[in-house]
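**Student:** Okay, here's the structure, questions in a sec.
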Amino acid sequence: MTKQAEKTAEITLPDEKQVVDYLMANPDFFLQHSLLLNELEIPHEAGGAVSLVERQVTVLRERNQHFEEKLRDMVDAVHDNQRLHVSLHRLAVNLFDANSLDDIMGVVDDELRHKLGTDFVYFRLHSDDVTVSSGSNEHTYVEKDDEVLQDFSVLIDKSRIQCGHFTDKQIRQLFLQDAEAVASAAVIPVSDAGISGLIALGSCDKQRYHAGMGTDFLSSLADLIGAALRAQLQK
């Protein structure tokens, strides 16, 4: 073997880390060797190979799409929060004009179903100051020992809002003849001076109410309704 061949054999190629370190330390490497950008081929997950430039363009395009989706989600969230803020303001104003408990129920029902698109809204309340009578609204005002209120007593006592999927029995208790159409639900407890119970919101969309959703709006809604009911009972 000649001396030149021996020297060539002794040359050790850099390992992967050394190559990476070199490129990181020399960011202008491809500027000085621009022809390599089109010559180097990067294996593609879907098969075949693309040039380094094409691969970089693809990566940037995917990254840009990701950020665009994030931006759209943020804009949608802002619009949704604004819509809920307007709803609470409108509800508060309309509750000031309510002259009875039934008026309050009507205002809340109109806001939730007609303004916010809630499919089903049911009230189940008890107050010692309200006489319970049979009729079309018999599920709205109930006796203190009402079975449904007893079953949901933990939520009411702890003022804990619950969203998501309930048992078939609970759905039937809450939504009566509309139960079969309810795919997801939220229960808002009402516990204020002189009155207690719950408001059940139902949706045909199984994703509308879920366990991981925020409940700030529903909590503010409960506070407004509770204050309006208390004021009406104190008249």
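The values are calculated or read from the model by the stated rules, or taken from the named source; none is laboratory data. Please read these numbers as outputs of a predicted model, since none were measured by experiment. Neighbour counts are summed over all protein chains in view; Cβ atoms, including those assigned to glycine, are modelled from backbone coordinates with ideal geometry.
**Student:** Which of the residues belonging to the stretch 93-118 are crowded, with 19+ Cβ neighbours inside 10 Å and either in a loop (DSSP other than H, G, I, E, B) or touching a Ser or Thr at 6+ places or on another chain (Cβ under 9 Å) (or both)?
**Tutor:** Once the filter is applied, which keeps residues that are crowded, with 19+ Cβ neighbours inside 10 Å and either in a loop (DSSP other than H, G, I, E, B) or touching a Ser or Thr at 6+ places or on another chain (Cβ under 9 Å) (or both), the stretch 93-118 yields Leu101, Met105, Glu111, Leu112.
**Student:** Being among the polar types (S, T, N, Q) and more than 18 Å from the chain's Cα centre (by Cα) is the requirement here; does Gln162 meet it?
**Tutor:** No; evaluated as a whole, the condition is false for this residue.
**Student:** Do we find a residue being within 20 Å of the chain's Cα centre (by Cα), without any contact (Cβ under 8 Å) to a residue 12 or more places away in the chain and either outside any helix (DSSP H, G or I) or closer than 20 Å to Ala231 by Cα (or both) anywhere in the stretch 61-72?
**Tutor:** no
**Student:** Quickly run through the stretch 106-124 and pick out the residues that are at pLDDT 90 or above and of a type in the set (A, V, I, L, M).
**Tutor:** Residues satisfying the conditions are Val107, Val108, Leu112, Val121.
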